[in-house]
Amino acid sequence: MALQTSALFSYIRAPLRTGPLSRVCAGFQGAGVRFKHMLTPGTLQLGGNIATTHVRGHIKAAPRAKEFSTTTTTAVRKSSQGNGSSSPRRCRGWLGKVALRAALGASAVALVQSLHTGVVTAMARKVNLNSAEGDWKETKDSLLSLSVKKRRQHYRTSNFVSLEDVLVWTPAGGGSEQTLYQRNEKLDQKISLYSGDITKLEVDAIVNAAKKTLLGGGGVDGAIHRAAGPLLRNECASLHGCETGEAKITCGYGLPAKYVIHTVGPIAQGGVGEEEKKALRSCYKNSLTTATENAARSVAFPCISTGIYGYPPEQAVHEALATVREYLDEHHDKLDRVIFCVFLPTDKELYLQTLPLYFPAEATVKSKL
Ligand code: AR6
């Protein structure tokens, strides 16, 4: 396409500088109309079918050029009123050049527009989030290349929650309670407690409390797979599972979240020991590391392992908050927001009570030993 455009320009420029220029310019009496009649293959003698075809395209674009260029419109109006000091022949020649430039400009605009439309149409064809038959790699590439605004057209939900609508953590004053960490107001701005469905959050990444196969299940895992659409499972199948405490990333497909980070929490139905604690901390830490490695700056966590896997929520909350606090202390520049997404009213209460220990209002620090 670029080649055709430059070929067109050189074809047009050559006759403008030499002989055929006078014939072309003398024929101009206004942009578009006479121009259309003069620039026929016969009169221009551009000598070639390719040039002839292109020139026709430009001629058709001439009236549109007026819409884009006020200069052209003014010049045409002056000419038709017989205004100006130039001789009619010089004026026509000048007008001809303006009209020609306008025509070429309009054509270039039309060219760019048709290219853009082509790309958008091709993109729309690639993004079918409702069928498992689609190519997940192609769909992922297409979706990840889009701006948030354009990706919104592909969400499978209409009621998403954008990041600006998720309040940041504001620690309550008072400070009589002993805390585990110093107050850091900058970190407070990076923390949110959100009560609701994680699949609605328009963030860079949501974390999934998955199972080792990564092929979907119940709880939040099931909700995420349903909301993302069938291509999520196809990509998950390519990852060959995930060990407890580790994390793997996929595209979010039909979700408002750009990515899903899948982590596998410990099964704690037999009670919580050091191993389970360590594994749960690893889930949070590896998920955050995976997020930052993929330039995801906003991440939402569900209460990993506290549902079907049976980790007591009142213990899990400490592992979650401590790990996030420590990660942010070290890597605060890599993340804009970490959201603790709670689904049950009891979990909301638990986080409201525990958050001030890790993100306090005052700096009355208790020894961590
Ligand atoms: N949004 C936010 N949180 C939710 C949602 C939601 N839509 N749905 C549930 N939760 P669970 P686990 C909360 O059982 O204990 C699956 O079958 C829920 O209230 O989803 O890590 C997997 O495939 C709870 O607080 O995950 C695994 O086999 C939290 O999410 C297994 O369950 C986690 O509960 C993983 O069990």
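Structural remarks
- Length gained on full extension, Ala237 to Leu344, computed as 0.36 nm times the residue gap minus the Cα-Cα distance: 35.5 nm.
- Positive-end residue of Thr179, Thr199, Asn234, charge dipole of the stretch 146-358 with Cβ unit charges: Asn234
- Once both labels are positioned 7 Å from their Cα atoms along Cα-to-Cβ, the gap between Thr157 and Ser195 label points is 1.7 nm.
- Cα-centre dipole for the stretch 146-358 with unit charges at Cβ (Lys and Arg positive, Asp and Glu negative), debye to 20: 860 debye
- The local environment of Lys285, defined by Cβ-Cβ distances under 12 Å, has a net charge of -1 under the rule Lys, Arg +1 and Asp, Glu -1.
- Pairs exceeding a 21 Å alpha-carbon distance, out of Lys190/Lys285; Lys150/Lys200; Lys149/Lys211; Lys140/Lys190; Lys150/Lys258; Lys190/Lys278: Lys149/Lys211; Lys140/Lys190; Lys190/Lys278.
- Legend: calculated FRET efficiency, Leu215 to Gln178, from the Cβ-Cβ distance at R0 = 51 Å, rounded to 0.05, equals 0.70.
Each reported figure results from applying straightforward, stated rules to the coordinates on display, with no laboratory input. The structure presented is a predicted model; accordingly, all values stated were derived computationally and were not measured. Ideal geometry is used to build each Cβ from the backbone, glycine not excepted, and the neighbour counts take in all protein chains shown.
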